[in-house]
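Working notes, structure below.
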Amino acid sequence: MNRFDVALAGAGYGALTIVPELSLSVSGGEVMVLLGSNGAGKTTSLRAVVGTVRTRNRSVRLDGEDLSPLSAWQLARRAIAFVPDGARCFANARVIDNLTGALEALKPKVMPAERKRLFDRVFDLFPILHERRRQLAGSMSGGQRQMLAISRALMIEPRVMILDEPSAGLAPKLVEEVFEALGRIKAASGCAILMAEQNVAAAMSIADRCLILSEGRVMLQGDIDDVRNDERLRVAYLGL
Amino acid sequence: MTLASVAQAVLLSLTVAGLYAAIAAGLTLTVGVTRIINFAHGEFVMLGAFLTYFLFNQHGVSPWIGMVVSGVVIGLFSALVYRVFLARVLKHDEHNQLLATLGLSILLVNIAIILWSPDPRVMQAPQLLPALQLGGVTVPGNNLVVAGVGGLLFLALQYIMRHTRYGTQMRFASDDAELAMHCGINVDRIFELSFVIGGVAAGVAGGLVALILYVHPVVGLDLVIRAFAIITLGGLGNIPGALIGAAILALAEGLTSTFVPHGGSFGYGIAFLLLLLVLVIWPNGLFGKQAHS
Ligand SMILES: Nc1ncnc2c1ncn2[C@@H]1O[C@H](COP(=O)(O)OP(=O)(O)O)[C@@H](O)[C@H]1O
Ligand SMILES: [Mg+2]
């Protein structure tokens, strides 16, 4: 369940094609990571998946259901959560209002018990957010904002979570904390996770499969263990 | 300059502040959420004023009802403007929206001149409320209506923004429209909603204009410039700021025209002067907190 299938062709900007072709599948409880250096086309690919970057052809399916015609806001309503890069938050709203607003945008009449369950879950994952709940989101550190961004996505009980470089700009200690939480989400929520990363070590800690991009082209797609065990691949594509 | 005359000028100014606040609060909401600099907001007010005026003068409809009808009609009209006009302009190039709303403003003024002539009219409505007597000071009933309705409009906008689900969505869209979209919010509809709310406020405010000012095709131009001065004072998107900005501007104008010789003709200039002062000294408005981004 929660099998997410994507096929893209001709993703880019204006007349410029960045990612000529890409297809991937992620199942519930699985993490697929898009690896590649700066400018490889990770962000372009993820945005093409959610439909905010133009494509020539695009097919998005969840458990076989064709979601391709839906726009980005409708995908969120179908429990496909996108967490853009840069740990973005509603800066002028308090932490608690970021979470409540995201919840109520989808479920205006959510029951108190349900609400409590969802809040407990994110506060359990990220206790610091509970501490800071009355603080303006914009006044928090990058790491805390990334935690809030992930929590906001969790409020819609995603079946698919798409994250763009959740480790970017975070201190190593916080990267560890965020990825530990992502690992717990993967284990407990049954949602399919598709994520772009440059931090190979962090990504490897939770990924099941990977797709390596270089200059917009898919160099390799496969099990993370295949890459981990193949020194030639590691050196060629990951610089490890 | 006696105490009574100062008190009189202050009280009258504060009632005018109700009108300014209603216009500016709607404008600051729309601009704050959509970032569309809507020059035609003044013409929405002007159309509401004509509507209330004609309803009363030709059909005997009470201005109380007239301003409600104006609010509804102008609200619908602004939905139409957003949908068939602005949404399309925004889609192609958001920089064109400035020209688009300016063009719309000029178009509406000219249509009004053709239809109704440029001559100023007076509604000559009866006083809707009894006058307020405070010591030696009298505030006419219709000025009380303007202050009261303006204040209510302001409170309603504030309530919608702070305490409703749609208010939260408008604030989210204002903070980061793309992120709001990824939260499942139909940002285009939310933009339209904020535009319509601004339109309703403008329509009702038009009814207030008909009560205390001359009704003529360029009345909105005067008012929208003041509204821009006010929202600059109060900080973009800051609705309480708009109330305080309205009071400051109305007092500055009222006191100048009462106590400075020939001061009546400065009204407009005061707005510009305030605008310039604020822009130079407090570029984020009096209460503008530095926006986090
Ligand atoms: N808005 C844009 N317009 C034109 N080119 C862009 C735009 N955004 C990114 N690019 C280009 O697309 C390529 C891939 O960028 P991106 O997808 O952001 O890579 P990554 O996320 O892997 O760092 C880069 O060469 C970049 O310059
Ligand atoms: Mg990127």
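The values are calculated or read from the model by the stated rules, or taken from the named source; none is laboratory data. Computed from a predicted structure; not experimentally measured. Heads up, the Cβs are rebuilt from the backbone with ideal geometry, glycines too, and the neighbour counts pull from every protein chain shown.
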For the range A:3-32, pairs from a residue that is closer than 30 Å to A:Arg184 by Cα to a residue that is within 16 Å of ligand 2 (Cβ to nearest atom) and outside any strand (DSSP E or B), with Cβ under 6 Å and 6 or more apart or across chains, are A:Val6/A:Val49; A:Leu8/A:Ala48; A:Leu22/A:Ser45
Taking the range A:89-146 and keeping only residues that are outside any loop (DSSP other than H, G, I, E, B), in contact with a helix residue (DSSP H, G or I) (Cβ under 6 Å, 6 or more places away or on another chain), away from chain B (no Cβ under 14 Å) and farther than 17 Å from A:Leu174 by Cα, one is left with none
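Out of the residues in the range A:1-17 that are within 15 Å of ligand 1 (Cβ to nearest atom) and surrounded by fewer than 19 Cβ atoms within 10 Å (Cβ to Cβ), which is farthest from the chain's Cα centre (by Cα)? Outline the logic, then answer.
Kept after step one, since they are within 15 Å of ligand 1 (Cβ to nearest atom), are these residues of the range A:1-17: A:8, A:10-17.
Narrowing the set further to residues that are surrounded by fewer than 19 Cβ atoms within 10 Å (Cβ to Cβ) leaves A:10, A:12-17.
Numbers: A:Gly10: 22, A:Gly12: 20, A:Tyr13: 22, A:Gly14: 25, A:Ala15: 27, A:Leu16: 25, A:Thr17: 23 Å.
Going through the qualifying residues, I end up with A:Ala15.
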Those residues of the range A:48-65 which are without any contact (Cβ under 8 Å) to a residue 24 or more places away in the chain and farther than 12 Å from A:Arg3 by Cα amount to A:Thr52
### Message
Just checking, does the range A:20-36 include any residue being over 15 Å from A:Val160 (Cα atoms) and within 14 Å of chain B (Cβ to nearest Cβ)?
### Response
no
Log entry, pairs with first residue in the range A:194-212 being within 14 Å of ligand 2 (Cβ to nearest atom), second being hydroxyl-bearing (Ser, Thr, Tyr), beta carbons closer than 9 Å, six or more apart or on different chains, reads A:Ala196/A:Thr43; A:Ala196/A:Ser45; A:Glu197/A:Ser167; A:Gln198/A:Ser37; A:Gln198/A:Ser167; A:Asn199/A:Ser167; A:Ala203/A:Ser167
Apart from one, (1) facing another protein chain (nearest Cβ under 8 Å); (2) part of a loop (DSSP other than H, G, I, E, B) all hold for A:Glu157; the odd one out is (1)
Look at A:Ser59 and say whether it is in a strand (DSSP E or B) and more than 16 Å from ligand 1 (Cβ to nearest atom). yes
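Being within 14 Å of chain B (Cβ to nearest Cβ), within 13 Å of ligand 2 (Cβ to nearest atom), over 14 Å from the mean Cα position of the chain (by Cα) and not charged (D, E, K, R) narrows it down to one residue among A:Val53, A:Val83; which is it?
Working: A:Val83 fails: over 14 Å from the mean Cα position of the chain (by Cα).
Just a single option satisfies the conditions, and that option is A:Val53.
Is the range A:133-156 home to any residue that is over 25 Å from B:Gly184 (Cα atoms) and either within 16 Å of ligand 1 (Cβ to nearest atom) or over 15 Å from the mean Cα position of the chain (by Cα) (or both)?
So the first thing to find is which residues in the range A:133-156 are over 25 Å from B:Gly184 (Cα atoms), and the list is A:141.
Filter again for either within 16 Å of ligand 1 (Cβ to nearest atom) or over 15 Å from the mean Cα position of the chain (by Cα) (or both), leaving A:141.
Among the residues of the range A:133-156, at least one is over 25 Å from B:Gly184 (Cα atoms) and either within 16 Å of ligand 1 (Cβ to nearest atom) or over 15 Å from the mean Cα position of the chain (by Cα) (or both), which makes the answer yes.
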Those residues of the range B:168-189 which are more than 9 Å from every other protein chain (Cβ to nearest Cβ) and surrounded by 24 or more Cβ atoms within 10 Å (Cβ to Cβ) amount to B:Met170, B:Ala173
Q: Tell me, yes or no, whether the range B:224-243 has at least one residue that is farther than 19 Å from B:Asn38 by Cβ, within 14 Å of another protein chain (Cβ to nearest Cβ), among the hydrophobic types (A, V, I, L, M, F, W, C) and over 13 Å from the mean Cα position of the chain (by Cα).
A: no
Within the range B:190-223, of all residues that are of a type in the set (A, V, I, L, M, F, W, C), over 14 Å from the mean Cα position of the chain (by Cα) and assigned to a helix (DSSP H, G or I), the one surrounded by the fewest Cβ atoms within 10 Å (Cβ to Cβ) is B:Ile212
Open item on the list: surrounded by 14 or more Cβ atoms within 10 Å (Cβ to Cβ), out of contact with any strand residue (DSSP E or B) (no Cβ under 7 Å at 6 or more places or on another chain) and not charged (D, E, K, R): is that true of B:Ser105 in this structure?
Closed with: yes
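Considering only residues that are of a type in the set (S, T, N, Q) and in contact (Cβ under 8 Å) with a residue 24 or more places away in the chain, look in the range A:142-193 and name the one that is farthest from A:Pro112 (Cα to Cα). Explain how you work it out, then say what you get.
Kept after step one, since they are of a type in the set (S, T, N, Q), are these residues of the range A:142-193: A:144, A:146, A:151, A:167, A:189.
Next cut, in contact (Cβ under 8 Å) with a residue 24 or more places away in the chain only: A:146, A:151, A:167, A:189.
Details: A:Gln146: 26, A:Ser151: 18, A:Ser167: 33, A:Ser189: 21 Å.
Residue satisfying both the conditions and the ranking: A:Ser167.
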When the range A:38-52 is checked residue by residue, the ones that are over 28 Å from A:Ala188 (Cα atoms), surrounded by fewer than 23 Cβ atoms within 10 Å (Cβ to Cβ) and in contact with an Asp or Glu (Cβ under 9 Å, 6 or more places away or on another chain) are A:Gly39, A:Ala40, A:Thr52
The number of residues in the range A:128-173 that are within 16 Å of ligand 2 (Cβ to nearest atom), over 20 Å from A:Val50 (Cβ atoms) and among the hydrophobic types (A, V, I, L, M, F, W, C) is 1
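Could you count how many residues in the range A:37-50 are more than 14 Å from every other protein chain (Cβ to nearest Cβ) and near ligand 2 (Cβ under 9 Å from one of its atoms)?
Let us first name the residues in the range A:37-50 that are more than 14 Å from every other protein chain (Cβ to nearest Cβ), namely A:37-42, A:44-45, A:48.
Now narrow it down to the ones that are near ligand 2 (Cβ under 9 Å from one of its atoms): A:38-42, A:44.
Adding up the residues that qualify gives 6.
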For this session: Answer yes or no: is there a residue in the range A:35-46 that is more than 23 Å from B:Met181 (Cα to Cα), within 16 Å of ligand 1 (Cβ to nearest atom), outside any loop (DSSP other than H, G, I, E, B) and modelled with pLDDT under 95.
Result: yes
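With respect to B:Ser194, determine if the residue is within 9 Å of chain A (Cβ to nearest Cβ), touching a residue at least 12 places away in the same chain (Cβ under 8 Å) and within 16 Å of B:Gln158 (Cα to Cα). So that I can check it myself, show each step before the final result.
On the way: within 9 Å of chain A (Cβ to nearest Cβ): no; touching a residue at least 12 places away in the same chain (Cβ under 8 Å): yes; within 16 Å of B:Gln158 (Cα to Cα): yes.
No; evaluated as a whole, the condition is false for this residue.
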| What about A:Ala188, is it assigned to a helix (DSSP H, G or I), closer than 25 Å to A:Ile156 by Cα, within 16 Å of ligand 2 (Cβ to nearest atom) and away from every other protein chain (no Cβ under 14 Å)? | no
Out of (1) over 21 Å from B:Ala25 (Cα atoms); (2) surrounded by fewer than 19 Cβ atoms within 10 Å (Cβ to Cβ), the one B:Gly148 does not meet is (1)
